[in-house]
Each structure stands twice: as structure tokens, then as C-alpha cells.
Amino acid sequence: MTAVGSTSAKAIARRRQRLQRRRRRKTLQALWRSLLLGGLTGALAWSATLPQWHLRQPSQIHIRGNQRLSDAAIRRLAAAHTESSFLLGMEVRTLSERLEAQLPIAEATVSRQLLPPRLIVTVAERDPVAVAVPAQQPQAAVPIDARGRAFPASSDRGGGEHPELKVLGFRDRYRSQWPQLYRTLARSRVEVSALDWRQPGNLILKTALGEVHLGPYRPQRFRAQLAALARLQALPERIDYIDLQVPEAPTVRVRASANAPPPSSGPN
């Protein structure tokens with residue numbers, strides 16, 4: 001019994017030693033992790049004070065991929081939405097989303113470069129589909145994309161031709177209606193050179209057939225109006241305008257001939 005008891009005591013002692021060594025090892029590992037994390041935090045805080053990891057000048061924002069929008073226009077907006085000048089503290093995803101939301105940009109990718117410190121903005125622009133002519137300032141015409149976002153004239157670097165389609169009287173309140181209107185128009189067989197939206201109660205299309213009066217824009221009716229217009233083929237050449245406010249019953253107004261005799265006033 002004495003031998004058995006002695007063996008058990010030794011086994012218990014060895015097990016206790018192993019547990020103690022394991023606890024010491026875990027304590028040291030936790031200490032090293034704390035020291036490492038503290039060191040990294042301190043290094044990051046220290047690096048935040050280093051001038052070489054900060055954006056000090058707008059010229060440190062490099063723009064790539066732009067054809068129409070100027071570097072200055074994109075750089076100006078990027079700088080305005082950069083809350084922190086410290087490169088590692090910048091929210092690049094948020095900046096990308098803001099550029100896409102406020103400029104005619106389909107995709108913006110923002111990346112950091114530490115040596116030398118710079119912010120790289122790579123953009124894929126949207127194509128302009130029309131030229132918007134404002135109601136109050138016709139001279140301030142600007143290209144717009146399919147979403148209604150404008151290419152400001154001050155930021156246009158002339159990287160392409162302006163589209164032929166004109167939108168006269170374009171207003172900010174039309175911007176939300178424009179995407180659906182343009183999608184419908186782009187799918188139609190009708191060739192339209194201009195939309196006259198100067199009168200909110202009467203959208204007018206300029207077509208090869210002449211002017212087409214549609215009344216106030218309504219998405220569902222607009223599709224029916226374009227379909228009715230596509231069916232109007234053999235029309236007189238002397239058309240004043242076509243009234244399609246009721247697409248099921250279009251009205252064609254014909255101009256009076258210059259050689260037509262004046263209306264008779266009756267016998268003398």
C-alpha cells in the first residue's frame with residue numbers, strides 16, 4: 001500500500017507541474033500578444049504623426065481612367081469627402097460610393113499608396129446620352145448620362161463628342177423622371193432629335209414627322225404614345241404638329257398651303 005500511495009503521489013505531482021507549466025505558457029503568450037498589440041497600436045499612432053503618410057496637397061490624389069471629366073473635378077470632390085488626411089484612416093469604400101453618386105461615374109475604385117503617399121482614384125465614366133438645355137439659362141447646356149447626372153462644362157476635358165439628342169427646358173425636378181423616360185425612348189423605333197420640356201404640361205418631341213405634342217409626361221402613357229407614333233408612317237408632308245395626348249386617337253394638324261385661296265366670305 002505504501003508503494004502504491006507513493007506512485008500516486010508522484011503522478012499527481014507530475015500532473016500538477018504540467019498544469020503549472022501550461023498556465024505559465026498561456027500567461028506568457030497572453031503577455032506577448034498584449035505587448036504586440038500595444039506595440040502595433042503605438043506604431044500606428046506614431047505613424048499617424050508622420051507627415052509622409054498624410055495627404056498634404058490635392059496633387060497627391062491621382063486620377064486614372066477619365067475621358068470626359070477633368071482631373072480637377074474628380075480631385076475636388078474626392079478631397080471634399082476625405083475626412084482624414086491620414087492614408088490608413090481613409091474610408092476608401094465610402095469615397096468610391098460618393099464619387100459614383102455625385103458624378104456621372106459608373107464605377108470608382110479608390111486605393112492607397114504609402115510610398116510615395118498618394119490616393120489613386122480609378123474611374124469608369126458613364127457615356128453622355130443627351131445634352132440638357134436648362135430652362136432659365138439655355139447657354140449653360142451640359143451633357144447628361146442615362147441617370148440624369150450632368151457633366152459640368154467646367155469639368156469637361158473634351159474627351160468625346162456631345163450626343164445629338166437635346167432636352168430643352170431640363171429642370172432638376174425632371175432628373176428623377178429622366179432615367180425611365182430615356183430607357184423607354186432608347187427602346188423605341190421612333191427617331192427623336194429633341195425633347196422640348198419647357199412646358200411641364202406638354203412634352204413635345206421633335207421627330208422626322210414633325211412636332212409631336214404629348215401633354216404631361218406619364219411613364220405608362222409615354223410608351224403607348226411612342227408605339228402609336230411608330231405606326232404613323234404615311235402622313236402629309238405639310239404637318240404642323242401631331243397631337244398624341246390620347247394615343248388611341250391621334251390628331252394630325254396640317255399646315256395651310258401658301259397657294260390656297262383665302263376662305264370665301266360669301267356673295268356680295
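Table for the structure above
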{"read-out": "Spatially proximal aspartates and glutamates relative to residue 166 (Cα-Cα < 16 Å; intrachain offsets below 8 disregarded)", "value": "127, 145, 191, 196, 211"}
{"read-out": "Semi-axis lengths (Å, descending) of the ellipsoid that matches the C-alpha gyration tensor of segment 53-125", "value": "19, 12, 10"}
{"read-out": "Derived scalar couplings ³J(HN,Hα) [segment 19-24; Karplus, 6.51 cos²θ - 1.76 cosθ + 1.60; whole Hz; x for Gly, Pro]", "value": "5, 5, 4, 5, 5, 4"}
{"read-out": "Dipole magnitude of segment 53-125, debye to nearest 20 (Cβ charges: Lys/Arg +1, Asp/Glu -1, about Cα centre)", "value": "260 debye"}
{"read-out": "HN-Hα J in Hz across segment 103-120 - Karplus 6.51, -1.76, 1.60, θ = phi - 60°, x for Gly and Pro", "value": "10, x, 10, 6, 8, 10, 10, 10, 10, 9, 10, 8, 10, x, x, 7, 10, 10"}
{"read-out": "Viscosity 1.567 mPa s, 4 °C: Kirkwood-radius Stokes-Einstein D of segment 128-250 over Cα pairs, µm²/s", "value": "86 µm²/s"}
{"read-out": "Burial ranking of peptide ranges 183-191, 116-124 (average Cβ count within 10 Å, highest at the top)", "value": "116-124, 183-191"}
{"read-out": "Fully extended contour minus Cα-Cα distance, from residue 113 to residue 253, at 0.36 nm per residue", "value": "43.9 nm"}
{"read-out": "Extension gain, residue 240 back to residue 191 (0.36 nm per residue minus Cα-Cα distance, nm)", "value": "15.9 nm"}
{"read-out": "Projected label distance in nm at residue 162 and residue 94, using a 7 Å step from Cα toward the beta-carbon", "value": "3.8 nm"}
{"read-out": "Positive-pole candidate from 212, 181, 162, dipole of segment 130-254, charges at beta carbon", "value": "181"}
{"read-out": "Net lengthening on full extension, residue 184/residue 80 (0.36 nm per residue, minus Cα-Cα)", "value": "33.8 nm"}
{"read-out": "Eligible lysines near residue 10 by straight Cα distance, threshold 22 Å, same-chain separation 8 or greater", "value": "none"}
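Every read-out reported here was derived from the displayed coordinates using simple, explicitly stated rules and does not represent laboratory data. Quick caveat, the model's predicted, so the values are computed rather than measured. Here the Cβ is made from the backbone with ideal geometry for all residues, glycine too, and neighbour counts use every protein chain on show.
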